[in-house]
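Here the structure comes first, spelled out in structure tokens, and everything after it is commentary.
What follows draws every value from the coordinates through simple rules; no lab data is involved. Remember, predicted model here, so these are calculated numbers, not experimental data. With ideal geometry, Cβ positions are generated from the backbone for all residues, glycine too; neighbour counts draw on all protein chains shown.
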Amino acid sequence: GESVGLHLPTLSVQEGDNSIINCAYSNSASDYFIWYKQESGKGPQFIIDIRSNMDKRQGQRVTVLLNKTVKHLSLQIAATQPGDSAVYFCAENWGGGADGLTFGKGTHLIIQP
Amino acid sequence: SAVISQKPSRDICQRGTSLTIQCQVDSQVTMMFWYRQQPGQSLTLIATANQGSEATYESGFVIDKFPISRPNLTFSTLTVSNMSPEDSSIYLCSVGGGTYEQYFGPGTRLTVT
């Protein structure tokens with residue numbers, strides 16, 4: 001099937017700065033997108049999601065932007081903290097919830113003190 | 001979100017043997033999914049497991065190698081059969097959250113020697 005990919009495998013940011021993690025998707029039929037955070041030794045943790053009929057959604061310190069024109073998804077983390085260090089995955093679904101997710105490659109976010 | 005547990009959390013197995021991984025959810029869910037995460041990689045969907053029906057496998061995964069049971073709405077098992085070192089991975093179950101979102105268990109870390 002079509003895949004979801006990420007632009008950068010590793011992102012290093014200073015503590016307190018904002019982080020932006022990008023994701024490109026190729027399936028124009030995808031109607032739902034999720035960002036997950038995976039810390040070492042743990043399962044993926046749901047962060048935020050967005051439906052294809054939206055272009056922006058905000059959570060606590062996180063914002064997801066969806067640009068359907070260029071098939072691009074981004075996760076913005078405000079005021080990055082040491083606890084934000086993890087691998088972040090984007091995932092897409094086009095099965096209306098009945099199907100599993102297709103995951104991108106992942107970006108390792110490193111927080112510099 | 002549902003609380004998901006997996007057993008065992010990790011195991012080291014010899015090639016040619018089989019391991020059954022259990023996934024338990026604290027509430028009834030319709031959709032359950034099994035994923036594989038190879039070392040340093042992203043997640044790949046193995047199959048969708050719905051109660052009362054045969055599991056649906058993704059391309060590259062077959063029932064003989066990864067038999068799945070789903071006896072009720074809170075429990076599922078995945079067996080990794082006739083294991084080889086290439087099966088060394090993290091195996092994760094996830095559950096549907098009601099609409100599109102999915103929540104993951106902590107994973108089972110399998111090493112095959």
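Out of B:SER59, B:SER76, B:SER69, B:SER5, one residue alone is in a loop (DSSP other than H, G, I, E, B) and of a type in the set (Gly, Ala, Ser). It is B:SER59.
Restricting attention to the stretch A:30-53, the residues that are among the hydrophobic types (A, V, I, L, M, F, W, C) and touching an Asp or Glu at 6+ places or on another chain (Cβ under 8 Å) total 4. Here B:THR74, B:THR113 are screened, and the one residue that is surrounded by 14 or more Cβ atoms within 10 Å (Cβ to Cβ) and of a type outside the set (Gly, Ala, Ser) is B:THR74.
Which one of B:THR48, B:THR20 is farther than 28 Å from A:ILE50 by Cβ, in a strand (DSSP E or B) and under 15 Å from the mean Cα position of the chain (by Cα)? Unique residue meeting the criteria: B:THR20. Among the residues here, A:ARG61 qualifies as within 18 Å of A:SER85 (Cα to Cα), more than 12 Å from the chain's Cα centre (by Cα), touching a residue at least 12 places away in the same chain (Cβ under 8 Å) and surrounded by fewer than 17 Cβ atoms within 10 Å (Cβ to Cβ). The one condition from (1) surrounded by fewer than 16 Cβ atoms within 10 Å (Cβ to Cβ); (2) within 12 Å of another protein chain (Cβ to nearest Cβ); (3) farther than 23 Å from A:ILE47 by Cα that B:THR30 does not meet is (3).
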